[in-house]
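What follows is a single structure, written as structure tokens, with notes after it.
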Amino acid sequence: DALADGFELLEKRELVPNMHLLRIRAPQIAAHAKPGQFVILMAGETSERTPFTLADWNADQGDITLIIEEVGRSSRELISLPVGARLAHVSGPLGQPFDIQKKGTVVLGGGCYGIGGILPLARALKQAGNRVISVIEASSSYLLFWEEELRAVSDETRIATKDGSRGTRGGVQEVFEQLYRHEGPVDMFIAMGCTFMMRMTTELTRSWKVPTFVALNPIMVDGTGMCGACRVSIHEETKFACIDGPFFDAHGVDWDELDCRRSAYAREEVEALPQAAD
Ligand code: FES
């Protein structure tokens, strides 16, 4: 059956430099996916297993959509597949769905692949009756994407750019601060993107004592809780991001440990890249 499904690459588009949208046939995953979940892909039989957040899916069409940043060997391998090619493997949906409840005003922050990742959350939170504000960041305006998609499922959408070319100058954290200080109560913050942004927003919302959730992105290998690669500490308890996460209470995360484990693996990933011929 999996062979018949074939995990065919249906669509591939570079949304902005280095950010690619991949739409893949995966009917079983599309039928069961819930907001906040992810998949693990293998481009070829011997490729690395790499986790990607589900940015969207369509159960009727039987496809899933991922936003992939071109960084490192495995993402480059995926992005270089031609439309019509079949991926060796896609496992999922993995992880715990985000617990969608009516909270009031929920502010979502997305950077990088997290701009795609917050879309299903924004949609579901809005459907559950929340006032949803989506905030997206990029270094510059030409690197922003999915603004219209987010606008369609949010009550408001805000932009931040590091160079100030659009919206607030800075990142998600600057907009969070503006919303919290000047625009009334916020009942929950959610952040998804690079570890730096998630950590910065966590420090802010900790001081405001507003519940905050982050999607942790440690390296994953098996995605089944067996290998231990995705180990994180939450309120001093060991958790596995692949089966207990990806979302955790941001105020309980041991960020130093996460940074340090990620950079140790990042070095190995870079070293695994084929050397450029001189
Ligand atoms: Fe192996 Fe989570 S990826 S335990």
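The values are calculated or read from the model by the stated rules, or taken from the named source; none is laboratory data. Remember, predicted model here, so these are calculated numbers, not experimental data. Here the Cβ positions follow ideal geometry from the backbone for every residue, glycine too, while neighbour counts run over all protein chains shown.
Could you tell me whether region 192-214 includes any residue that is assigned to a strand (DSSP E or B) and in contact with a Pro (Cβ under 8 Å, 6 or more places away or on another chain)? Scanning region 192-214 turns up no residue that is assigned to a strand (DSSP E or B) and in contact with a Pro (Cβ under 8 Å, 6 or more places away or on another chain). Considering every residue within region 16-36, establish whether at least one is without any contact (Cβ under 8 Å) to a residue 12 or more places away in the chain and in a loop (DSSP other than H, G, I, E, B). No - not one qualifying residue is present in region 16-36. Taking region 241-270 as the range and being modelled with pLDDT of 90 or more, aliphatic (A, V, I, L, M) and within 15 Å of the ligand (Cβ to nearest atom) as the test, the residues that pass are Ala241, Ile243. Among the residues of region 215-240, those identified as in a loop (DSSP other than H, G, I, E, B) and either more than 6 Å from the ligand (Cβ to nearest atom) or in the same structural domain as Thr50 (by TED's automatic domain parsing) (or both) are Leu216, Asn217, Pro218, Ile219, Thr224, His235, Glu236.
Looking only at residues in region 241-259 that are of a type outside the set (A, V, I, L, M) and part of a loop (DSSP other than H, G, I, E, B), the one that is surrounded by the fewest Cβ atoms within 10 Å (Cβ to Cβ) is Asp254. Asp5: at pLDDT below 95, more than 13 Å from Pro93 (Cβ to Cβ) and either of a type in the set (Ser, Thr, Tyr) or in contact with a Pro (Cβ under 9 Å, 6 or more places away or on another chain) (or both), yes or no? Yes; evaluated as a whole, the condition is true for this residue. Condition check for Ser134 on (1) assigned to a strand (DSSP E or B); (2) touching a strand residue (DSSP E or B) at 6+ places or on another chain (Cβ under 6 Å); (3) within 16 Å of the ligand (Cβ to nearest atom): one failure, at (3).
For Leu66, the test of being in contact (Cβ under 8 Å) with a residue 24 or more places away in the chain, part of a strand (DSSP E or B) and farther than 22 Å from Met220 by Cβ is failed.
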